[in-house]
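Have a look at the structure below, then the notes.
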Amino acid sequence: MNYLLKKPVCFFLVAMLFCSSLLAQPPRLSPADSIARRRSADSVRQLTEQDYKKMLDLLHISSIRQGANGNDPKAPNAANYDEAKANPFPDLPDPLVLKNGKKVTTAKMWWNQRRPEIVEDFDREIYGRVPKNLPSVKWEVVSTVNETNGAIPVITKKLVGHVDNSSYPQITVDIQLTVITPANATGPVPVIMEFGFIFPPGFRMPAPSATSSQKPAEPGWQQQLLAKGWGYAIIVPGSIQADNGAGLTQGIIGLMNKGQTRKADDWGSLRAWAWGASKALDYFETDKAVDAKKVGIEGHSRYGKATVVTMAYDPRFAIAFISSSGEGGVKLHRRNAGELVENVASSGEYHWMAGNFIKYAGPLTWGDMPVDAHELVAMCAPRPVFISAGEKGDGWVDAKGMFLGGVHAGPVYKLLGKKDLGTVDFPPVETTLTDGEIAFRQHTAGHTPVPNWPTFIRFAERYFK
Ligand code: GCU
């Protein structure tokens, strides 16, 4: 039921959009593949609902408030896009006031006192705790190929990160990572790692149509990075943790829980994906082709959420490109615009978060949250973050709410001697705000990072010189 509340911008469509140049027609599945896919989707849905119900029971919640409907503007619960109604809880927690009421006035107080308080709240209530004694990961290079990408000679390495599962051998976790670096590099290069979209089993990419092959291909983000002399990497989130509630007893979360269901403050998929990204960074520290001090992280939509979580929790990441992260990402939870806490707390999305997050969709309210998204951005300080949004068709992610997530992290960046966004006024579309360490740009296209790549690369250049 809760699935129906989700925005039409579904995962699968977004993934297809990414390959739009290749996709001239819908994916073709054999009839047998279609049936198998429908069956497995049904069983995932069923298992998800069971896991969700268990979590509600654990929290002593019988039901939550209804989320916003992003599909039908006439629905009684239609998503709000009216700024006059967007701020029912205007008071945000102050990132620079300790729980005991004392003002944070020095960097030392931030690092030693206030930041740990904020981390604890995010751990317990929002994204869940990463277990202690996480297993080691052994990276195996499965292939190294010299090839060209665009016109640029590159070395493509495919890796598998074997997670030590000796504590519970019933669950195997093999993290998939691909790293592409320019073959002619004279030393270690900066690398931007993307949380990559994956396609369901049975999905076959149709051959490009005549018209699409006639169009000269524009350089993709990968070629833009290579042209700078940088590399890129793709990590496959689904190889770390499934993107549904049914998978919570599997993957790295299931491995740590020995196949049992989560506790209310256990980690969700976002932190699991972020953990996988950190393990990839461990690998980069051993790869001579990569400058591990200049590794950035990028992701879109749900992976935009994973991107900011990665950046917030692992101080080794140098920069982040957070694309259309919306609710559960850098959009303020207290905003009534586009997607709401209630949507993310529903059975289709709760697995991204800690179970405790569901409480804020009933009986508690958004205003009861001990933290808000600006403090997640503040956790990234003093490192540079680029907050990206689209315009037409990207209302669901609430560009203004994400901008405000950046604005209200500003005082922390300033305390640490860095520059904030430089304005508190939501700028017109296509205004580039990249003078400080918190950057923002809303492009005119839809739910995609693509038009903002050149701006992000120029922003990153400042730090990767
Ligand atoms: C849905 C969901 C968003 C998410 C998006 C995606 O629209 O509501 O929170 O970001 O899917 O990842 O595609």
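The values are calculated or read from the model by the stated rules, or taken from the named source; none is laboratory data. What you see is a predicted model, and the numbers here were worked out from it, not measured in a lab. Heads up, the Cβs are rebuilt from the backbone with ideal geometry, glycines too, and the neighbour counts pull from every protein chain shown. Surface accessibility is based on the protein's heavy atoms, side chains included, excluding ligands, DNA and RNA. Shrake-Rupley method; radii C 1.70, N 1.55, O 1.52, S 1.80 Å.
Below are the figures for this structure:
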{"quantity": "Subset of region 171-197 (residues that are within 30 Å of LYS258 (Cα to Cα), open to solvent by 10 Å² or more (accessible area, probe 1.4 Å) and touching a helix residue (DSSP H, G or I) at 6+ places or on another chain (Cβ under 9 Å))", "calculated": "THR172, ASP174, GLN176, GLU194, PHE197"}
{"quantity": "Condition met for VAL429 (in a loop (DSSP other than H, G, I, E, B), modelled with pLDDT of 95 or more and open to solvent by less than 10 Å² (accessible area, probe 1.4 Å))", "calculated": "no"}
{"quantity": "Exclusive hit being at positive phi, surrounded by fewer than 24 Cβ atoms within 10 Å (Cβ to Cβ), touching a residue at least 24 places away in the same chain (Cβ under 8 Å) and over 17 Å from the mean Cα position of the chain (by Cα), set GLY254, GLY247, GLY229", "calculated": "GLY229"}
{"quantity": "Yes/no for LYS331 being at pLDDT 95 or above and within 11 Å of the ligand (Cβ to nearest atom)", "calculated": "yes"}
{"quantity": "Enumeration of residues in region 149-167 that are loosely packed, with under 15 Cβ neighbours inside 10 Å and either touching a residue at least 40 places away in the same chain (Cβ under 8 Å) or closer than 15 Å to GLY229 by Cβ (or both)", "calculated": "GLY150, ALA151, PRO153, SER167"}
{"quantity": "Residue check for ALA107: farther than 26 Å from ASN356 by Cβ and open to solvent by less than 50 Å² (accessible area, probe 1.4 Å)", "calculated": "yes"}
{"quantity": "Flag for ALA312 being crowded, with 24+ Cβ neighbours inside 10 Å and outside any helix (DSSP H, G or I)", "calculated": "no"}
{"quantity": "Scan of region 347-404 for residues that are away from the ligand (no atom under 16 Å from the Cβ), part of a helix (DSSP H, G or I) and either touching a Ser or Thr at 6+ places or on another chain (Cβ under 8 Å) or free of Cβ contacts under 8 Å to residues at least 24 places away in the same chain (or both), ordered by number", "calculated": "ASP368"}
{"quantity": "Residue within region 323-339 that is part of a helix (DSSP H, G or I) and open to solvent by 10 Å² or more (accessible area, probe 1.4 Å) present", "calculated": "no"}
{"quantity": "Checking ASN69 against (1) buried (at least 18 other Cβ atoms within 10 Å of the Cβ); (2) under 24 Å from ALA354 (Cβ atoms); (3) not small (Gly, Ala, Ser), the condition it does not meet", "calculated": "(2)"}
{"quantity": "Criterion (farther than 17 Å from GLU349 by Cα and open to solvent by 50 Å² or more (accessible area, probe 1.4 Å)) met by exactly one of SER40, SER63", "calculated": "SER40"}
{"quantity": "Residues that are crowded, with 24+ Cβ neighbours inside 10 Å and within 14 Å of LEU416 (Cβ to Cβ), drawn from region 376-387", "calculated": "VAL377, ALA378, CYS380, ALA381, PRO384, VAL385"}
{"quantity": "Selection within region 434-452 - surrounded by fewer than 21 Cβ atoms within 10 Å (Cβ to Cβ) and either among the hydrophobic types (A, V, I, L, M, F, W, C) or touching a Pro at 6+ places or on another chain (Cβ under 6 Å) (or both)", "calculated": "ALA445, VAL450"}
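Residues are listed down the side, and each one gets a yes or a no for (1) within 15 Å of LEU340 (Cα to Cα); (2) modelled with pLDDT under 95; (3) touching a Leu at 6+ places or on another chain (Cβ under 7 Å):
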residue: LEU4; (1), (2), (3): yes, yes, no
residue: SER40; (1), (2), (3): no, yes, no
residue: GLN46; (1), (2), (3): no, no, no
residue: ALA68; (1), (2), (3): yes, no, yes
residue: ALA84; (1), (2), (3): no, no, no
residue: PRO88; (1), (2), (3): yes, no, no
residue: ASP94; (1), (2), (3): no, no, no
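Here is a yes/no grid of residues against (1) in a loop (DSSP other than H, G, I, E, B); (2) in contact with a Lys or Arg (Cβ under 7 Å, 6 or more places away or on another chain); (3) among the polar types (S, T, N, Q); (4) farther than 30 Å from THR181 by Cα:
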| position | (1), (2), (3), (4) |
| --- | --- |
| GLY101 | yes, no, no, yes |
| LYS108 | no, no, no, yes |
| GLN113 | no, no, yes, yes |
| ASP121 | no, no, no, yes |
| ARG124 | no, no, no, yes |
| PRO131 | yes, no, no, yes |
| LEU134 | yes, no, no, no |
| LYS138 | no, no, no, no |
